[in-house]
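The values are calculated or read from the model by the stated rules, or taken from the named source; none is laboratory data. Being a predicted model, the structure only gives us computed values, none of them experimental. For neighbour counting, all protein chains shown are included, and Cβ atoms are generated from backbone atoms with ideal geometry for every residue, glycine included.
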């Protein structure tokens, strides 16, 4: 159990369900968030909108403020770039069509990963992997779960550390959008696009600032400044950058459920993360202005 930081208002704007690679279904995630004291929640599954209707219905039923979201993978080197979209339309068929193209690319990637694992002496069948995927999106975490069941590794983390992480012997890349395309798609859906977890871009501060300036010109609305693994220094720099550029800020734990990929607790991350109340207030106000 993570120690819990007691606050009078808890928000989590970065979570995942079984619609992608989380371990709780959307309704379970919403109920769990409510039980833990979260008052504003966003479900941001990877490259899919499929869990949003269920989550929204449950949030309305139990009285939890809910923001429909998505997390889109985008092309970038040397690190990983994801774009979070807040207040996207769960029924947007155009956006879902583009996300389906990405999920098809992930399916092809899974085949390559399984072939590499077999060559390394760790064979798996796709059916074994798919039984761990509760939604439409099957990915590396589910391959890791299948490896655990086979006894090849002891945990998801070990599977990633030894085989599946970027640069690992069984890693395979997938088709991605450009960051600009992801931003445009979120904006087209009535959403607010944010640059997720800047630390994982693996660039220096000057490079990050130049990237943010360029993406802001394409419609970037904000930065995920609060994140479970950001250091205090990183958070301070990201907040300063957002303020200087007139960008919104957001934050979340990247919660994937009990025994999930990140090992964080909803609302508090590693136990000490706290997203200020005004972050949610400003986000809702920006959405209201956008909707007028």
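Can you tell which of 207, 225 is assigned by TED's automatic domain parsing to the domain that holds residue 71 and touching a residue at least 12 places away in the same chain (Cβ under 8 Å)?
225
Out of the residues in segment 1-25 that are farther than 17 Å from residue 54 by Cβ and part of a strand (DSSP E or B), which is modelled with the lowest pLDDT?
Result: 10.
Of the numbered conditions (1) under 23 Å from residue 47 (Cβ atoms); (2) touching a residue at least 60 places away in the same chain (Cβ under 8 Å), residue 212 satisfies every one except a single condition; which is it?
Among (1) under 23 Å from residue 47 (Cβ atoms); (2) touching a residue at least 60 places away in the same chain (Cβ under 8 Å), residue 212 violates only (2).
Just checking, does segment 26-41 include any residue being modelled with pLDDT under 95, in contact with a helix residue (DSSP H, G or I) (Cβ under 9 Å, 6 or more places away or on another chain) and either outside any helix (DSSP H, G or I) or closer than 17 Å to residue 268 by Cα (or both)?
no
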